[in-house]
1. With an 8 Å cut-off on Cα pairs and a minimum separation of 6 or more residues, tell me the relative contact order of region 1-110 in percent.
2. With θ taken as phi - 60° and the coefficients 6.51, -1.76 and 1.60, list the Karplus ³J(HN,Hα) couplings across region 14-27 in order, rounded to whole Hz; mark glycine and proline as x.
3. Can you list the residues, at least 5 places off or on another chain, whose amide H is less than 5 Å from the amide H of Val428, using H built in the peptide plane?
4. I'd like the trypsin sites (Lys or Arg not before Pro) in region 123-164 restricted to DSSP loop residues with at most 16 other Cβ atoms within 10 Å, sorted by number.
5. If you place +1 on the Cβ of every Lys and Arg, -1 on the Cβ of every Asp and Glu, and leave all else neutral, what size is the dipole of region 1-157 about its Cα centre, to the nearest 20 Debye?
6. Report the net charge of residues surrounding Gly92, where surrounding means a beta-carbon distance below 12 angstrom and charges are Lys +1, Arg +1, Asp -1, Glu -1.
7. I'd like the GluC sites (Glu not before Pro) in region 103-207 restricted to DSSP loop residues with at most 16 other Cβ atoms within 10 Å, sorted by number.
8. Hey, which of these cross-link pairs are over 22 Å Cα-Cα: Lys445/Lys548; Lys166/Lys258; Lys135/Lys258?
Amino acid sequence: MTSESVLPELSIIVPVFNVDRYLPDCLDSLAALNDVAVEFILVDDGSTDGSRERCEARVRDDPRFRLLQAARVGPGEARNIGIRGARGAHIGFLDGDDLVVPEAYLAALRQVQASGSDFVTCAFRRLRGGGVLRKSRLSRGHAVSRSGVRPEDRPDLVFASVFWNKIFRRDFFEKACYPIPDGIFEDILPNLRAFCMSEQIDVCAQVAVLWRVREDKSSFTQKQGSRRNIAARLAVLAKCLAFLDSQPQGYRTAFQHKVIAHDAQILLKALAAVEETGLRLVARKVFVDLLALGPADETETLVGIQAFINATLPEPPSEEPLEDMIPLEEYSLVFRPRKATAISARTAIKIVSRGTTERFIGDFSSLHIHHLDAGRREVFWCDVPEDAPLMEEPFYYQGLRKLGSAGYAMSFDNIGPWQRPLRARPVVMASIGRCGSTLLSKLTKGMGLATWSEPDSFTNLAVTPELRAEPALYQGLMRLGLNVLADQAAQTGQSQFVVKLRAQATPVCEDLAAHHRDTLVFFVVREPVAWALSYHRLWGAAPEVLAKTLSDQLGYIRAAQARGLEVTVIDYDRLVAAPHETVGAICATLGVPALTPERIGAIFGVDAQKDTPVSRSSGTAPADGFAEAFVEALRQRAPDLAEMGPAGWLAQGG
């Protein structure tokens, strides 16, 4: 049992979407977990079949259950929502159609608590119709219970690349796996990262989870022959192979063996019925990279992989005299693919369909987070009527595809960095979040500087999980955006431009420090407890999460400062209390004429977020002891931040 006053030992997170038929068995199995302080966090992802009502009923009947609501964000982000709301020292996961075996699951928890290992991985069985249990080849390596296992000694454990058969120490999970990426098969790469980054793991031989095989085959993972399933599996394998480039050979060999024994068999069978050239070429590249991991045992599947590679030849080089040709898919209302070509004109994406005239589609400033589709690994632009009801669709991205009159999709693989000196100096307005970066960007607009603050594309890119997992893609988009903005400023005769960065985007400063030492950074900070209370009221974030957020953001800024970037700290409360003095100092640093008191007053008066750090609220009232819990979490994670005021943070770090 657990209550609001007792922190749970374990948080089990259950993403729920249209599993009404199976959910009662799942919840009953969890409710049978006794003799442990546990919380069950149910995240309903917009169910339409009665699943949410079942969750609500369980919450009313059992105080250990909590219900959080999402809006069709997908299983990865649904789990992230649960993680942010979790309070346990250990974290487990379960899908809404699966079951735990209570005695075995509790034994696994006690095992990992006693050993202090990073996580415990448990045996599981497939649950078929009529209650028949069958072994899964993914469950190999769980025959004998052991504690304190070094992962390099048990590479066979990499086969179970799922979340729901593991219990993680929370601090390790946040370091190795969080945030969980969007898309399908979202747990494969984080599990691989956890395996490679762990110092020791436990193995529990008791069957702790029953993995359901749905009789109606409504689970996406059972639709192995669908194009979407094939593309998603290939995409995640490509990311895993890229990650393994920097890992020891033992891990590379283990993952290669797992893919050949499992994923490749599924893919070869599904690809036999696929004629689409693009998809087959992607599969060929994945298979080539897979074999490049090292020698593999001669098996029937390996022979099939080699035959597929030989039969699927790469396309010959294009004879088009275009330096920056990028293949696109062009979509009509029914979105039937047709060959097209995009030319990166450095400041815009232009479309040239063969035999037609050039037409402008969009540039970096029109790129929004919802244009990045993880499942299909592509950026998508389209023309959408202004009155189109996009937000009524289950996914914004699906709404774009359904309602757009024409669209163009560009693969992530065709976005690369473009290196050259910027034509104008970057000026960054950054903050730890909820303390005035929007106000500062309005001030720089009032100074007449080219200021890029909306649609917050840098932040959108920085918080996109699939980009965090692909540093080269992330850096390519960052560089593209900076060059576009610098060019726009230079074309209007300006020598500097301003970029507003929300808290999550501060890693951009490290890249700027590496390539553009003349960058100026204005970093807005606030007294940490007041900031945490503001953030919690808006987003409902837990004290431990906020402590990590603050520590991480300061770490990025300190790293940039250590590499030579000039950082000016601005105290938000002083900015509000004495705006004329603070704004005057900013103008002097930027070398622009000072703003008049009347102009400053007008900007502060119309600021859309004026006073929001203390007034804007999501309705989440801080619990008793919230401030104390935040200070303690911050003291454990970053004692220097807790012991000194914001004015000394960067002096200490620099």
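Every number in this text was worked out from the coordinates using simple rules, so none of it is lab data. As the structure is a computational prediction, the values presented were derived from the model and not from experiment. Neighbour counts run over all protein chains shown; Cβ positions are idealised from the backbone, glycine included.
1. Details: 210 pairs, mean separation 45.4, N = 110.
Relative contact order, region 1-110: 41 percent.
2. Along region 14-27, the couplings run 10, x, 10, 8, 6, 10, 3, 5, 10, 4, x, 4, 4, 5 Hz.
3. Val499, Leu520, Val521, Phe522
4. Details: sites: Arg125, Arg126, Arg128, Arg134, Lys135, Arg137, Arg140, Arg146; in loops: Lys135, Arg140.
Those that pass, being in a loop and sparsely packed, are Lys135, Arg140.
5. Numbers: 22 positive and 23 negative charges, 119 e Å.
Around 560 debye, computed over region 1-157.
6. Details: positive: Arg79, Lys166, Arg169, Arg170; negative: Glu9, Glu39, Asp95, Asp98.
Combined, the nearby Lys, Arg, Asp and Glu give 0.
7. Numbers: sites: Glu103, Glu152, Glu174, Glu186, Glu199; in loops: Glu186, Glu199.
Those satisfying the criteria are Glu199.
8. Details: Lys445/Lys548 32 Å; Lys166/Lys258 18 Å; Lys135/Lys258 16 Å.
Lys445/Lys548, as the Cα separations exceed 22 Å there.
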